[in-house]
Amino acid sequence: MSPPSVKLVLRLAALALLTVVIQEAGVSQISIFGVSADLTPLMVMSVGLLTGSMTGAVVGFATGLLVDTVLVQTLGITSLLYIAIGYWSGRLRELRDPAHGLVPLAAGAAATAVAGVGMTVIQFLLGVDSPVSLLLVQQIVVTVLVNTLISLPVYALVRRIIQPTLPDDPRRRRRRAYTTGGLSPLQSPSQRLGQINRGGTS
């Protein structure tokens, strides 16, 4: 995999910073069913699906550090979770090349669950006073549901921002060639010879 371009790196850095600022200054103040949506794991998930595992992990690490710094909490907790989200989202792209429009929906739900459950487990292991209760489980479930509803718009926005700077994927070039008929494997040899003969007799 070729290294990301400078334009892509700048866009990803601006995207991570802007997402954290919008999340902490605006979205976190809006309560939906008693919880707030969380844009940051959805953004990391979207970057992983669009750019691959390594870039997704790096963006996850940087975004996690920004979140921990803004919230004045132990550095590295959120980064650890977001590295996993970005990396495995990228691996899904590399291994399966997901093209279905609902893939970001499922990936967004999984990313939010990893962030919520993982944060609870890490805080428990660190001895932070955050007792596990039915209310906490309910908040995590509702957050997953809310984030699932907004995962497609977030993915579409992230794709719109960074897609102009993404390198062309050979798999997508082959699919475009198939759809335009240039390299279609469905065309029989007789059809190709017929085209050549018609071109030669004209």
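The values are calculated or read from the model by the stated rules, or taken from the named source; none is laboratory data. Given the structure is predicted, the values throughout are model-derived calculations rather than measurements. With ligands, DNA and RNA removed, areas are computed over all heavy atoms of the protein, side chains included. Shrake-Rupley method; radii C 1.70, N 1.55, O 1.52, S 1.80 Å.
Protein chains only, probe 1.4 Å: how do 61, 124 rank by accessible area, largest first?
On the way: 61 100, 124 140 Å².
In descending accessible area the options line up as 124, 61.
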Over the Cα atoms of segment 60-171 the radius of gyration and the largest Cα-Cα distance (Dmax), both in Å, equal 15.8, 50
Please list, in order along segment 58-69, the HN-Hα scalar couplings obtained from phi with the Karplus expression 6.51 cos²θ - 1.76 cosθ + 1.60 (θ = phi - 60°), rounded to whole Hz, x for Gly and Pro. 5, 5, x, 4, 5, 5, x, 5, 4, 4, 4, 5
